[in-house]
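Chemist: Got a structure here, written out as structure tokens. Questions coming.
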Amino acid sequence: MEAVLSKVRPDVIVNPAAYTAVDKAESDRETAFTVNAAAPGFLAGKALELNALLVHYSTDYVFDGSKHGFYCEEDVPNPFSVYGETKLAGEQAIMQSGCRHLIFRTTWVYGIHGNNFAKTMLRLARDRSELRVVADQWGAPTPASLLADVTAHVFRAHASDPGHFPGGLFHLVPQGVTTWRDYAQFVIDEARQRGMKLQVENITPITTAEFPTPARRPANSRLDSSKIRATYGLSLPDWRDPLRHSMGMLLRNL
């Protein structure tokens, strides 16, 4: 990679890679640190050397989720999972490098391809009469397409005036909040409206304590996106709108 960067000498470096197996990271700290912290630090060093802009994506897991209300960029991180620790270390490596950078913290990311929460709920709903889903964790489902669109918008701002480009750390999520349980209900309702036959009758709310996992999840993953909206003149959608728009493709890719 170093040879490629030195040869190409890019103006912008985008790092979408991450170790996202949150539970596995608890027993695989070394790999998680390499991918989530060491690699961004290396890219930051190359960005500084090349005077390039580094774009990096981070997570709500840098917070412990105990705050009442929305997290803003100035709130002090306090991760309590290996995943969160390594993602925070990646942020810090970039910021301490002195390179020009953009760090986008986001939550509950999903895409059309690959596995995600919505697809899991739909697959289970085809065969089960009841789904038990956590209802005491709050956040905003964020489509990968929104991250890509905002990144492209920011690139245009950078290209037009790189000398006065407002970089730094930003929270990037859609408007509104929900729980995993209500997220599941929305997906099931939308699928049925599109004619999908599902067996599920009840989506029962449960607590995080009733669904233990190796890595602790933040109860509050609500991120305040007002800074990025004001800085770049963005109007971000309600979380339901892109999910509703994506449902057809999600159903075809089950």
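Chemist: Would you point out which residue out of V82, V4, V22 is modelled with pLDDT under 95 and either of a type in the set (A, V, I, L, M, F, W, C) or surrounded by 21 or more Cβ atoms within 10 Å (Cβ to Cβ) (or both)?
Modeler: V4
Chemist: For the range 180-215, how many residues are in contact with a strand residue (DSSP E or B) (Cβ under 6 Å, 6 or more places away or on another chain) and not charged (D, E, K, R)?
Modeler: 10
Chemist: Consider Y183 against the criteria (1) open to solvent by 20 Å² or more (accessible area, probe 1.4 Å); (2) at pLDDT 95 or above; (3) among the aromatic types (F, W, Y): it satisfies all of them except one. Which criterion is unmet?
Modeler: So Y183 meets the others, but not (1).
Chemist: I need the full set of residues from the range 93-110 which are within 13 Å of V62 (Cβ to Cβ) and either touching a Ser or Thr at 6+ places or on another chain (Cβ under 6 Å) or part of a strand (DSSP E or B) (or both), in order please.
Modeler: Result: I103, F104, R105, T106, T107.
Chemist: Then there's this: Quick check on my filter: what residues within the range 56-77 are among the hydrophobic types (A, V, I, L, M, F, W, C), farther than 11 Å from H171 by Cα and in contact with a Leu (Cβ under 7 Å, 6 or more places away or on another chain)?
Modeler: The answer is V62, and nothing else.
Chemist: Moving to a separate point now. Among the residues of the range 187-218, which ones are open to solvent by less than 30 Å² (accessible area, probe 1.4 Å) and not β-branched (V, I, T)?
Modeler: E190, A191, L198, A215, P218
Chemist: Now, a different point. Exactly one of these conditions fails for L122: (1) open to solvent by 20 Å² or more (accessible area, probe 1.4 Å); (2) of a type in the set (A, V, I, L, M, F, W, C); (3) farther than 25 Å from D28 by Cα. Give me its number.
Modeler: For L122, the failing item is (1).
Chemist: When the range 194-209 is examined, which residues are found to be modelled with pLDDT of 95 or more and among the aliphatic types (A, V, I, L, M)?
Modeler: L198, V200, I203, I206, A209
Chemist: Ok, one more. What single numbered condition from (1) of a type in the set (A, V, I, L, M); (2) open to solvent by 60 Å² or more (accessible area, probe 1.4 Å); (3) modelled with pLDDT under 95 fails to hold for L53?
Modeler: (2)
Chemist: Can you tell me which residue among L146, L169 is surrounded by 14 or more Cβ atoms within 10 Å (Cβ to Cβ) and under 22 Å from L254 (Cβ atoms)?
Modeler: The conditions single out L146.
Chemist: Residue pairs, Cβ under 8 Å, 6 or more apart or interchain, first in the range 225-239 and open to solvent by 30 Å² or more (accessible area, probe 1.4 Å), second of a type in the set (F, W, Y). List them.
Modeler: K227/F170; T231/F170
Chemist: Taking the range 94-120 only, how many residues are of a type in the set (G, A, S) and either closer than 15 Å to A140 by Cβ or touching an Asp or Glu at 6+ places or on another chain (Cβ under 6 Å) (or both)?
Modeler: Within the range 94-120, residues that are of a type in the set (G, A, S) and either closer than 15 Å to A140 by Cβ or touching an Asp or Glu at 6+ places or on another chain (Cβ under 6 Å) (or both) number 1.
Chemist: Another question, then. Name the pairs whose Cβ atoms lie under 6 Å apart, with the first residue in the range 128-142 and in contact (Cβ under 8 Å) with a residue 24 or more places away in the chain and within 16 Å of V177 (Cα to Cα), the second in a loop (DSSP other than H, G, I, E, B) and among the basic types (K, R), and 6 or more positions between them or separate chains?
Modeler: If the second residue must be in a loop (DSSP other than H, G, I, E, B) and among the basic types (K, R), the pairs left are Q137/R217; W138/R222.
Chemist: Only one of (1) open to solvent by 70 Å² or more (accessible area, probe 1.4 Å); (2) farther than 23 Å from Y71 by Cβ; (3) at pLDDT 95 or above fails for H245. Which number is that?
Modeler: (3)
The values are calculated or read from the model by the stated rules, or taken from the named source; none is laboratory data. Not measured: the values here are computed from a predicted model. Backbone-built Cβ (ideal geometry, glycine too); neighbour counts: all protein chains shown. What goes into the accessible areas is simple: the full protein's heavy atoms, side chains included, and nothing from ligands, DNA or RNA. Shrake-Rupley method; radii C 1.70, N 1.55, O 1.52, S 1.80 Å.
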